[in-house]
Amino acid sequence: MHSMNLMCHEFVVCLSFLACIAGLLLLWDPKQPKDNLEETEKILLRMSFSYWLVYCFAFGIEKLILPDWETALMSVKITIALSYFLTFSCVLSLPLHKFSVRRVEE
């Protein structure tokens, strides 16, 4: 049962890696944003996708590193944790930013 959950998690991480690449491609726009609000939203979304992409990549690297390489494994685990928390903070910042802009307009 545990190995099935692990395989499912690895599959979801692989799919989210591809989804992040697609999301970044969809957000890529050479035109300048119309206003600061739109620019900030795009930056927060790009940061969320980018940090999650780093998480997925580090997760994959962690599976490939041999257990004997403790220093490399620890560095990858720290990268995984940091990118996870940075993704969470960006995802949380987007609605907070919208709320603060709406609050200022009122």
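Some points to look at:
- Computed E for V91/W69 - FRET, C-beta separation, R0 22 angstrom, nearest 0.05: 0.10
- Taking a Cβ cut-off of under 15 Å around F59, the surrounding Lys, Arg, Asp and Glu residues balance to a net charge of 0, with basic ones at +1 and acidic ones at -1.
- Between V101 and E39, residue separation times 0.36 nm minus the direct Cα-Cα distance comes to 21.0 nm.
- Carbon + sulfur, % of accessible area of the chain - ligands and nucleic acids excluded, 1.4 Å: 70
- Charge sum, other residues only, whose C-beta stays under 11 Å from L26's C-beta, Lys/Arg counted +1 and Asp/Glu -1: +1
- The range 7-59: relative contact order in percent, alpha carbon pairs under 8 Å with at least 6 residues between: 56
- Residue-span extension gain [L27 to C8] - 0.36 nm each, minus C-alpha spacing: 4.0 nm
- Backbone HN-Hα couplings from phi across the range 82-91 [Karplus 6.51/-1.76/1.60, Hz, Gly and Pro as x]: 5, 5, 4, 5, 5, 4, 4, 5, 5, 5
- Per residue accessible area in Å² of the chain, where ligands, DNA and RNA are left out and the probe is 1.4 Å: 77
- Over the range 64-106, the ratio between the Cα radius of gyration and 2.2 N^0.38 Å evaluates to 1.96.
- Applying 1/(1 + (r/R0)^6) with R0 = 22 Å to the Cβ-Cβ distance of L18 and E62 gives a FRET efficiency near 0.75.
- Normalised contact order of the chain, rounded percent, pairs of Cα under 8 Å and 6 or more residues apart: 29
- Of T79, T40, I61, farthest towards positive along the dipole that unit charges on Lys, Arg, Asp, Glu beta carbons give the chain: T40
- Labels on offer are [x] 8.1; [y] 8.9; [z] 6.1, and the one holding mean projected area of the Cα convex hull in nm² computed from this structure is [y].
The values are calculated or read from the model by the stated rules, or taken from the named source; none is laboratory data. Note that the coordinates shown come from a computational prediction; the quantities given were computed from them, not determined experimentally. A quick note on method: Cβ atoms are made from the backbone with ideal geometry, for glycine too, and the neighbour counts reach across all protein chains shown. Remember, those area values only see protein heavy atoms, side chains included, never the ligands or the DNA or RNA. Shrake-Rupley method; radii C 1.70, N 1.55, O 1.52, S 1.80 Å.
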